[in-house]
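For reference, the structure discussed in these notes is given below.
The values are calculated or read from the model by the stated rules, or taken from the named source; none is laboratory data. Worth saying up front: this structure is predicted, and the values here are computed from it rather than measured. So basically every Cβ, Gly included, is an ideal-geometry build from the backbone, and we count neighbours across all protein chains shown. The area values use the complete protein model at the heavy-atom level, side chains included, leaving out ligands, DNA and RNA. Shrake-Rupley method; radii C 1.70, N 1.55, O 1.52, S 1.80 Å.
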Amino acid sequence: MSSLLLDNIGELVTNVADSGADGPLGIRRRAAVLVEDGEVAWVGPATDAPAADRRVDADGAAVLPGFVDSHAHLVFAGDRAAEFAARMAGQPYTGGGIRTTVRATRAASDEELRTTVRRLRAEALRQGTTTIEIKSGYGLTVADEARSLRIAAEVTGETTFLGAHVVPAEYADRPDDYVSLVCGPMLTAAVPHARWIDVFCERGAFGADHARAILACGQALGLGVRLHANQLGPGPGVQLGVELGAASVDHCTHLTDVDVDALASTAVDTPSGPETTTVATLLPGAEFSTRSPYPDARRLLDAGVTVALATDCNPGSSYTSSMPFCIALAVREMRMTPAEAVWAATAGGARALRRDDIGVLRPGARADLIVLDAPSHLHLAYRPGVPLIRRVLHNGVPQ
Ligand SMILES: [Zn+2]
């Protein structure tokens, strides 16, 4: 068993509130982290650091848990740059472009899809994302959804079946038949490769009854529930997610007071304070790329709702894999403090995936760490667009 000491850390974000650590980010100064066998083995003052086989000097920089991107769509072919340009020239976003990507994805070989997934996974890792959730949803046939998930599962354990992304063109006049396909053979083919099930619950995609039926089928086969909800307008998604005990409702751009209360009602006491069992995952890259109003994170946080940040990386409405970019948007546009945004991009993402071994730096956690080219986590929002991720350790291995 070889060990590695990450030493001379100026500011260590642990996300663990205990003695010797400051504030909700559990910040320690002049710290060190010992890594053994892919896990954090020890965290403490640099002056007390144990011996290790190998030492990496952080040069007084800030060190954080790796980012947890709990919402991404990486299995697709083609891009929609022209649609983006048209939108920036004034055309509204409707979600209709998803079918363009479905056509390209069905026509692509496994190898083309695999190359894209691996390229984007590597791109995210370079920017500090050590855990990423990947959805299917651009195949929308039994075979294409199954292969999308199989390819996603090659790079992450956090795979999500999104056969109910949109009703594909060939089922446009018989959506009930498509829902039966999703709940039947498509789900059966997806389950061996998926941990989660998701539905795009939105006008023009799936309404509450269809979404409830599909999610219940997935739940019955052991999949966890997450949901695209309330992105383009008010709707039933958030309350449906709460009703079904979803780990996360994602987007949350258009919320009523009843939606916020429903989320707040899922609060439970935890060792780190009250948290909601259904997380609100905000995806500001989508509002940026569709030039839409941002969700109001402050309103959710003030109501006691646990908030996560994720990229929604996809070729149509948010083609960014950058968690630092999302942190900067959240601080500038969504009334989050830098500390809240950093927590949401690390521990918050872990909560949205119901994981306690990531997004946190304590003994026993996975040794996923990022070293910034900066003395403080504040710089992630303070220096937007600047490549501040100097070094990434994934499962304890320097990348
Ligand atoms: Zn999405």
Open item on the list: With a 1.4 Å probe and all protein chains kept in place, how do HIS228, HIS394 rank by accessible area, largest first?
Closed with: HIS394, HIS228
TODO: Would you kindly find the accessible area of SER318, with a 1.4 Å probe and non-protein molecules such as ligands, DNA and RNA excluded, rounding to the nearest 10 Å²?
DONE: 0
Open item on the list: List the Cys residues of the chain that have no partner Cys with a C-beta closer than 4.7 Å.
Closed with: CYS201, CYS252, CYS313, CYS326
Task: Selection from ALA58, HIS73, THR47, by position along the positive dipole direction of the stretch 35-85 (Cβ) - done: HIS73
Task: Using alpha-carbon coordinates, inclination of helix 98-107 to the longest axis of the chain, degrees - done: 90
Task: Computed helical MRE - 222 nm, the chain, DSSP H runs ≥ 4 contributing -39500 (n - 2.57), nearest 500 - done: -8500 deg cm²/dmol
- [ ] Calculate, for the stretch 67-353, the solvent-accessible area per residue in square angstrom, rolling a 1.4 angstrom probe over the heavy atoms of the protein chains.
- [x] 35
Open item on the list: How big is the dipole moment of the stretch 174-224 about its Cα centre under a simple scheme where the beta carbon of each Lys and Arg is +1, that of each Asp and Glu is -1, and everything else is neutral? Debye, nearest 20, please.
Closed with: 100
- [ ] Could you pull the accessible area for TYR171 with a 1.4 Å probe, rounded to 10 Å²?
- [x] 40
Task: Heavy atoms of ASP59 accessible to a 1.4 Å probe, total area in Å² rounded to 10 - done: 110
TODO: Please identify every one of the trypsin sites (Lys or Arg not before Pro) in the stretch 177-233 that sits in a loop by DSSP and has no more than 16 other beta carbons within 10 Å of its own beta carbon.
DONE: ARG203
Task: Estimated distance in nm for a label pair at ALA51 and VAL258, the labels positioned 7 Å out from Cα along Cα-to-Cβ - done: 6.7
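For the stretch 256-399, what is the charge dipole size about the Cα centre, in debye to the nearest 20, if Lys and Arg each add +1 at the Cβ and Asp and Glu each add -1 at the Cβ?
560
Pull out a ≥ b ≥ c, the square roots of the eigenvalues of the alpha-carbon gyration tensor of the stretch 67-353, then state rounded if a/c is under 1.5, prolate if not and a/b is larger than b/c, and oblate in the remaining case.
Values: a/c = 1.40, a/b = 1.23, b/c = 1.14.
Rounded.
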Task: Proximal charge balance of PRO324 [Cβ under 14 Å; K/R count +1, D/E count -1] - done: +1
Task: Cα long-axis angle, helix 323-333 against the chain (0 to 90 degrees, to the nearest 10) - done: 80
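Once fully extended, how much extra length lies between ALA17 and ARG335, figured as 0.36 nm per residue of separation less the alpha-carbon to alpha-carbon distance? Mind dumping the intermediate values first?
Values: separation 318, 0.36 × 318 = 114.48 nm, distance 2.32 nm.
Length gained, ALA17 through ARG335: 112.2 nm.
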Open item on the list: Need the full-extension length gain, ASP173 to ASP357, defined as separation in residues times 0.36 nm minus the C-alpha distance. One decimal, nm.
Closed with: 61.7 nm
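Over the stretch 250-322, what is the relative contact order in percent, taking alpha-carbon pairs closer than 8 angstrom and at least six residues apart? Walk me through the intermediate numbers first.
Details: 120 pairs, mean separation 23.6, N = 73.
Worked out over the stretch 250-322, it gives 32 percent.
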Open item on the list: Shape verdict for the stretch 248-399, please, from the Cα gyration tensor: rounded (a/c under 1.5), prolate (a/b greater than b/c) or oblate.
Closed with: oblate
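Rounding to the nearest 20 debye, state how big the charge dipole of the stretch 67-353 is about its Cα centre with +1 on each Lys and Arg Cβ and -1 on each Asp and Glu Cβ.
Magnitude of the dipole: close to 640 debye.
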